[in-house]
Structure formats: C-alpha cells, structure tokens
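Everything on this sheet refers to the single structure shown next.
The values are calculated or read from the model by the stated rules, or taken from the named source; none is laboratory data. This one's a predicted model, so the numbers in the text were calculated from it and none came from an experiment. Cβ atoms come from the backbone with ideal geometry, glycine included; neighbour counts cover every protein chain shown.
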Amino acid sequence: MWLEHLAITEPRITRQISAENPTGEKGGACKWEKEEDTLDKGKGLKVHPFLRLKAGTTTVLADITGPGCITEFFITTDHVWLSELVFRFYWDDEKIPSVEAPLGAFFANGFDEHKHSVHSIPVTVLPRNAYSCYWQMPFRKKAHITLTHEGSKDIDCIAYRVMYQLYEIPEQSMYFHAQYRRSRTDRENPTFTIADGIKGTGKYTGTYLAWNSLSSGWWGEGEVKFYIDGDGSNPTMADNGTEDYFGGSFGFSSFNTDLCADNEQSFSTAFLGMPLALTTNPRGGRKFSLYRWHIPDNIGFFTDLRVTVDTLGWWNKPGFRPLGEDIGAVAYWYQYEPHALFDKLPPVEHRWDR
C-alpha cells in the first residue's frame with residue numbers, strides 16, 4: 001500500500017527539524033557562525049549536529065505550524081538511562097499532551113541497561129542507540145514536541161530529526177496518542193492495566209510491555225483483554241494467552257523443545273515480537289520486552305476502550321497460578337480530539353529499571 005502511495009500521491013512540501021535546523025525553515029540548516037556553538041567554526045560542514053541537555057530541564061524539539069503530518073522521528077543519545085527522558089507531543093492548541101512516555105519505552109526498549117534491536121514497521125531500534133519511529137502523526141494547526149530530562153546528570157549529546165510534510169489534512173484524520181503506565185500485580189489481583197480511560201472514537205494500534213517476571217516458572221498464560229464501548233466485567237475480545245497475543249505459541253521456547261521457562265527465544269518481526277528475553281539476570285527477575293502493532297488489524301472503538309493483561313503462570317495442580325509481576329507499558333492509538341486526561345506519569349524512580 002505504501003509503495004503504491006508513492007506513485008499516485010502528488011508531491012508535498014517536505015521539511016526536517018534537527019539540531020542543524022531547529023525551525024525546519026527552507027535554507028535554514030548549518031547557519032551557526034559563533035565559534036563556541038560549532039564543531040567546525042561555522043564553515044557550513046558539520047556545524048551543530050546535536051543538543052546538550054541539563055538535568056532537570058525541558059527542551060523543545062519541534063514547534064511546527066500546520067497543517068501537516070510528521071512522517072518520521074529519529075533520536076539518539078549517549079545517555080544510558082532512557083527512563084529519565086520523557087517525550088510529550090501536543091497537537092494543535094491542546095494544553096495536555098497526546099503522547100507522554102519515557103524515551104526508551106516509547107521505542108519498545110523499557111530496560112535501561114538492556115537495550116536491544118527492534119526490527120518492525122513503525123518502530124526500529126538499531127545499534128548502538130538509534131531510535132526511529134514511523135507512526136504517522138497528522139496535525140491541523142500545530143505540532144509541539146518536548147523532551148524533559150528528569151535525571152541528575154547533564155547530557156552531552158542528543159541528536160534527532162523530525163521529518164514532516166505540509167499539506168491539508170483530511171477531515172476524517174485522527175490524532176496519534178501514546179501513554180505510559182507501570183505497576184505491579186499481586187496474587188489477589190493478577191491483572192495489569194495496559195490502557196484505561198480512553199474516551200472518544202478511534203483505533204487502537206499498538207501495545208508494548210516491559211515485563212519483569214518475578215516468579216519462578218512459566219509466566220505468560222494470562223489473556224490480553226479488550227473492553228470496548230461500554231463493556232462491563234466481561235470483555236468483547238480476549239486472546240488465548242500472553243504468548244499468543246505477542247506471536248508465540250506454547251510459550252516462547254525454541255522449535256522442537258518442551259515448553260518451559262528460562263528457555264524463551266527472542267524474535268522481532270514487522271508487527272509483533274519479543275526482542276529481549278533475559279532469562280539469567282543476577283540482579284533480579286527475568287526480563288522480557290514484547291510488542292504488538294495493530295496496523296493491518298487495528299481495533300476500532302466508538303465511545304471508550306480499556307485494555308488489560310492477566311499475570312498467570314502454571315501451577316502444580318489444576319488451574320493457573322496468579323503471579324505478582326512488575327510491568328511497564330505503552331499503549332498506542334489514534335482518536336479524534338479531545339482526549340481524556342491521562343493518569344499522572346509515574347515518577348522517575350518508579351520508571352527506572354536496570
């Protein structure tokens with residue numbers, strides 16, 4: 001579909017914001033002249049390729065006048081603790097963000113010390129710290145993107161680019177949203193909420209989980225459930241199990257082996273994957289990074305949506321064993337504005353994960 005789109009759609013005004021051209025204006029890149037601001041004393045070569053960011057401050061990455069659509073967002077940094085860096089995206093005149101998530105988790109990398117590659121269509125992560133996303137983000141009046149550093153050490157290098165096209169946005173186009181959550185389940189309440197409080201009309205398009213398995217044995221038996229348009233205690237959609245939802249079957253073990261924990265195999269594909277399966281961690285429990293992009297199979301809703309996953313494992317008697325697990329999540333969706341107020345972002349000490 002995208003390749004066909006290239007041939008039949010008229011050319012559009014394309015611009016790119018980066019540290020070299022922070023406004024995206026035509027002919028606006030590589031214009032620094034003061035020696036202290038440049039790498040090559042302002043000779044027009046590699047003049048100002050990255051930003052520095054002091055601890056406890058916020059910088060504006062992009063402020064774009066529409067109508068238009070962000071088509072690619074790329075960022076890299078020498079900072080290790082990506083959970084300390086928080087993205088916020090604002091569309092048009094809204095005062096509350098439509099996107100609020102730590103940098104790593106937004107790019108399906110929820111563990112600070114265990115970064116890994118992701119090979120998918122809307123999100124790619126490549127060595128060493130190259131984070132790209134291709135979620136299409138239309139806006140009508142304005143796009144405003146900030147990055148907040150909630151850590152304690154200044155950052156020397158942040159390089160980024162925001163590519164966008166300027167054109168009239170169709171009336172039926174919806175706005176991109178993403179929200180981060182993190183909490184623990186317990187054996188009395190083994191249900192983790194991936195998304196809740198979504199009000200309005202839209203399409204759910206993605207789930208990312210940074211799953212700390214704190215119990216011994218198999219951990220992925222719980223179902224992912226979608227409560228759509230007024231569902232009460234029973235959801236409209238329930239998958240067969242965590243591993244089925246994210247593309248595995250009978251666990252995540254390799255071919256021709258018995259199903260067992262501590263033998264999970266990592267994988268990364270266009271729409272789903274488990275690119276991290278850390279099963280021997282001397283510092284704590286096992287860690288799993290899981291994504292599912294609902295692009296050809298987006299989930300429509302008209303009034304409201306809630307998404308959960310149960311944390312269940314095997315038991316040495318009939319039935320499943322409720323587990324107490326530690327999970328961070330990012331939910332991704334499109335909807336018409338206005339959107340409901342997000343829950344307060346967990347503080348940095350609750351997001352930080354080694």
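A few notes on this one:
- Of all the residues in segment 118-130, those that are within 14 Å of the chain's Cα centre (by Cα) and assigned to a loop (DSSP other than H, G, I, E, B) number 3.
- Restricting Leu103, Leu166, Leu126 to residues that are within 19 Å of Thr76 (Cβ to Cβ) and either surrounded by fewer than 19 Cβ atoms within 10 Å (Cβ to Cβ) or among the hydroxyl-bearing types (Ser, Thr, Tyr) (or both) narrows the list to Leu126.
- Screening segment 333-352 for residues that are crowded, with 18+ Cβ neighbours inside 10 Å, more than 16 Å from the chain's Cα centre (by Cα) and not hydrophobic (A, V, I, L, M, F, W, C) and picking the one that is farthest from Ser289 (Cα to Cα) gives His339.
- Residues located in segment 298-325, provided they are surrounded by fewer than 22 Cβ atoms within 10 Å (Cβ to Cβ) and within 18 Å of the chain's Cα centre (by Cα): Asn298, Ile299, Arg306, Thr308
- Test for Ala210: is it touching a Lys or Arg at 6+ places or on another chain (Cβ under 9 Å), farther than 17 Å from Trp91 by Cα and modelled with pLDDT of 95 or more: yes
- Only one of Glu25, Glu33, Glu4 that is modelled with pLDDT of 85 or more, out of contact with any Ser or Thr (no Cβ under 6 Å at 6 or more places or on another chain), acidic (Asp, Glu) and exposed (fewer than 13 other Cβ atoms within 10 Å of the Cβ): Glu25
- Answer from His114, His119, His149 - the residue that is touching a strand residue (DSSP E or B) at 6+ places or on another chain (Cβ under 7 Å) and under 17 Å from Ala101 (Cβ atoms): His149
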